[in-house]
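A.B. asks: Mind having a look at this structure? Questions to follow.
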């Protein structure tokens, strides 16, 4: 099924309906009372003093066309399993068979791995090219290019033993609404498994992907626990990825700025925020220019080489960083839906 995909809207259009509203936490709905923590392109980051979530306001989620354009290049080739995938597959408390729905399934690499260990798999994904790749490369038949709420309407009686959404929750401007859709697709006493970027991870400087319109919320272990428990789930596993040499090298490289990469590139490549403010045609032209400019390709190679060069230093520092409690990029969680317990009968 190929849904109608609207023209990519600008970031300003996406947030227009929220720009005059008071900032309130999208997880617990309490009004933000503190000053903003950060301002980015006129959008403010707030911290909820009740549930510990950090969220951007005013902000809106981009449409499917934006994701297809911004993530092109990752939708037509096999991808390695992400840490959240591997944590779930190895989690002794996670089920090993049953009906599984993966929301935001990408190219289907996790669905194929879940199928191979005994799950009956279904996936939904924004990106039509990724869905096509999942069907053709992995032979996954039940993968649909649509939003989860559209899938819910298409199959109103569907219920799954496990609903997974790895690296998806941080992209939602209304996480509670998203979780409610997942709950509607979940069998009684079913499981959810997910991963998000860990707000408490070790990092130096700005990580561009962690800003709107890409990431709209920032999650800590406390925020994720509060969010799931307040929505009727029991936490079974909550794991912060350990800091590894590769991640430590990336952070060290990001903190060591020489300016060489920018000089070689010749111009600053468009950020995801820049792309959000373009029309579909403008986005396509910008991405094409980026791929064709030799300077950008050389700059990307230099940035990768710089990160590799930091590996020896990262290896030496790693024991100390771990002793200091520094963690890696991802936060994984497995939770089970609580059975509704009715009030005890009153005896007369």
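A.B. asks: Please give the contour-minus-distance gain from residue 49 to residue 24: 0.36 nm per residue of separation, less the Cα-Cα distance, rounded to one decimal in nm.
C.D. replies: Using 0.36 nm per residue and subtracting the Cα-Cα distance, I get 7.9 nm.
A.B. asks: What distance in nm separates the two pseudo spin-label positions at residue 40 and residue 206, each 7 Å out from Cα along the beta-carbon direction?
C.D. replies: The two pseudo-label positions are separated by 0.9 nm.
A.B. asks: What is the range 71-211's relative contact order, in percent, from Cα pairs under 8 angstrom and six or more apart in sequence?
C.D. replies: Values: 211 pairs, mean separation 31.7, N = 141.
With pairs under 8 Å counted, the relative contact order is 22 percent.
A.B. asks: Semi-axes of the range 122-214's equivalent ellipsoid from the Cα gyration tensor, sqrt of 5 times each eigenvalue, largest first, rounded to whole Å? Please report the intermediate quantities before stating the final value.
C.D. replies: Details: eigenvalues 134, 67, 31 Å².
Value: 26, 18, 13 Å, ordered largest first.
A.B. asks: Once a ≥ b ≥ c are taken as the square roots of the eigenvalues of the Cα gyration tensor of the range 172-230, is the result rounded (a/c under 1.5), prolate (a/b larger than b/c) or oblate (a/b not larger than b/c)?
C.D. replies: Numbers: a/c = 2.84, a/b = 1.89, b/c = 1.50.
Prolate, since a/c reaches 1.5 and a/b exceeds b/c.
A.B. asks: Please give, to one decimal in nm, the separation of the simple spin-label points placed at residue 237 and residue 323, each 7 Å out from Cα toward the Cβ.
C.D. replies: Using points 7 Å along Cα→Cβ, the separation is 3.0 nm.
A.B. asks: A follow-up question, please. Over the range 18-57, what is the relative contact order in whole percent, taking alpha-carbon pairs under 8 Å and six or more residues apart?
C.D. replies: Working: 58 pairs, mean separation 13.6, N = 40.
Normalised by residue count, the contact order of the range 18-57 is 34 percent.
A.B. asks: Report, to two decimal places, the Cα Rg of the range 118-176 normalised by 2.2 N^0.38 Å (N = number of residues). Can you show the working numbers first?
C.D. replies: Working: Rg = 12.2 Å, N = 59, 2.2 N^0.38 = 10.4 Å.
Compactness ratio reported: 1.18.
A.B. asks: Calculate, in nm to one decimal, what residue 31 and residue 256 gain on full extension: separation in residues at 0.36 nm each, minus their alpha carbon distance.
C.D. replies: Taking 0.36 nm per residue and subtracting the Cα distance, the gain is 77.2 nm.
A.B. asks: Let me ask you something else. Work out how much length residue 246 to residue 180 would gain on full extension: take 0.36 nm times their residue separation and subtract the Cα-Cα distance, in nm to one decimal.
C.D. replies: Numbers: separation 66, 0.36 × 66 = 23.76 nm, distance 3.60 nm.
Gain on stretching residue 246 to residue 180: 20.2 nm.
A.B. asks: A further question follows. Would you list 210, 52, 116, 102 from fewest to most Cβ contacts within 10 Å?
C.D. replies: Numbers: 210 14, 52 21, 116 11, 102 28.
Going from least to most buried by this count: 116, 210, 52, 102.
A.B. asks: How long are the semi-axes of the equivalent ellipsoid of the range 18-57, taking √(5λ) for every eigenvalue λ of the Cα gyration tensor, in whole Å from largest down?
C.D. replies: Numbers: eigenvalues 47, 26, 12 Å².
Its equivalent ellipsoid spans semi-axes of 15, 11, 8 Å.
A.B. asks: Go ahead and collect, in residue order, the members of the range 177-194 whose backbone nitrogen is under 13 Å from a label point 7 Å along the Cα-Cβ direction of residue 61.
C.D. replies: 177-183
A.B. asks: Testing the spin-label approximation: label points 7 Å from Cα along Cα→Cβ at residue 339 and residue 230. State their distance in nm.
C.D. replies: 2.7
No lab work stands behind these numbers, since they all come straight from the coordinates. The model shown is predicted, which means the values in this text are computed figures rather than measured ones. All Cβ positions, glycine included, derive from the backbone under ideal geometry; neighbour counts span all protein chains shown.
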